[in-house]
1. Kindly provide the set of residues from the range 96-122 that are over 17 Å from the mean Cα position of the chain (by Cα) and not aliphatic (A, V, I, L, M), ordered by number.
2. Across the range 1-40, what is the total count of residues that are within 18 Å of CYS293 (Cα to Cα) and either modelled with pLDDT of 50 or more or not in a loop (DSSP other than H, G, I, E, B) (or both)?
3. What is the residue count in the range 210-250 for residues that are closer than 28 Å to ARG86 by Cα, hydroxyl-bearing (Ser, Thr, Tyr) and modelled with pLDDT of 80 or more?
4. Within the range 255-292, how many residues turn out to be within 19 Å of GLU210 (Cα to Cα), touching a residue at least 40 places away in the same chain (Cβ under 8 Å) and among the hydroxyl-bearing types (Ser, Thr, Tyr)?
5. Restricting the search to the range 121-178, which residues are over 20 Å from GLN205 (Cβ atoms), among the basic types (Lys, Arg) and outside any helix (DSSP H, G or I)?
6. (1) modelled with pLDDT of 80 or more; (2) more than 28 Å from GLU68 (Cα to Cα); (3) surrounded by 20 or more Cβ atoms within 10 Å (Cβ to Cβ): which one isn't true of CYS340, the others all being true?
7. Every residue in the range 286-328 that is on the phi < 0 side of the Ramachandran plot and small (Gly, Ala, Ser), please.
8. Kindly indicate whether VAL162 is under 22 Å from ALA253 (Cβ atoms), touching a Phe, Trp or Tyr at 6+ places or on another chain (Cβ under 7 Å), buried (at least 21 other Cβ atoms within 10 Å of the Cβ) and β-branched (Val, Ile, Thr).
Amino acid sequence: MHKKNSKTGNAAGQPAGPGESKQLTDMFSRSISYLRISLTDHCNLRCLYCTPQGDGAKLLSGELLSFEEILRLVRLAVSLGIKKVRLTGGEPLVRHGILDFIRRLAQIEGLDDIRLTTNGVLLADYAEDLYAAGIRKLNISLDTMRPERFKEITGVDAFAKVWAGIQRAKELGFSPIKLNVVALRGVNDDEFLDFARLSLTEALQVRFIEFMPIGAASIWDKKNYISSKEIMARLETLGELLPVEARRMDGPARVYRFAEAKGGIGFISPISHHFCERCNRLRLTSEGKLRSCLLSDKETDIKTILRSGASDEEVVKVIVDTIINKPKGHNLSEGKGGSCHGSMSRIGG
């Protein structure tokens, strides 16, 4: 719970006073310091596991949280102890005005870390301005390095643009650059070794993500699922994977590297090796819902609260209550189907 002492805000959710360190803690003693924000559910790709059959109608601009509303929420969250923000989507770079928004976000005192997750299609065009605005750390979704397969998975012939964006980001000095690879048996598992070899010669962290059952129309099927353990066994045919010590706020990935490699290999295992006991995150969806767990359908409609004229104190209480009620964990495991409702494009990937 949100405890009252000299090092935290009080139980009613008041921001810590001058000279006090700030910390949000849930009822399971997890410190919540990381806010993931989906800026839009719109995307310029149609990935088969994210937006199957078009994924329905997209939100209208008035249904999205405005940048002013998001900035207000971030300021209040930072006053409570949030230190890190990740901007996601949909595809965040398709939202008009994002560069000015990032510049303003970077000016919030107490916010130590702003990161961006992108599909990379627009990255080459935006990279220089993103760097100037304050972004240094990038996650880029890339499930294949074969142009034809890229088109099959995403519905768009844009691999060359994504690869150019990665190279431009490297030239400008973004670091770390992480490639998010959703592991799909029978779709891209024949490329796992190729991705791993990238880490030998490139200063990139390749992260293999277990396929998760998300969305009412989820295409999740046990036959497509492949565990991190199996992926790791395949990669070790290239050599021993040496564990890399985790750092504060590094997230859920277990990270390894090959000897003498320039980059690293990460495994995100929400199904086979979930990280619920150390989860430090809160999510803000593109339609203005606070969500304390990706794989839970429990949400708080903070957009309506903001637009009803709520005071900062009232908004703070909603944030704190959401965190206090953060579930201990999800109930998904290997061999089980099931899914949580809501698409990744709205919740935020």
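1. Correct list: HIS96, GLY97, ASP100, PHE101, ARG103, ARG104, GLN107, GLU109, GLY110.
2. 16
3. Residues meeting the conditions: 3.
4. Selection size over the range 255-292: 2.
5. Result: ARG146, single match.
6. (1)
7. Correct list: SER286, SER292, SER296, SER308, ALA310, SER311.
8. Criteria not met by VAL162.
The values are calculated or read from the model by the stated rules, or taken from the named source; none is laboratory data. These numbers were taken from a predicted model, which means no experiment stands behind them. Methodologically, a virtual Cβ is constructed for each residue, glycine included, from the backbone with ideal geometry; neighbour enumeration extends over all protein chains shown.
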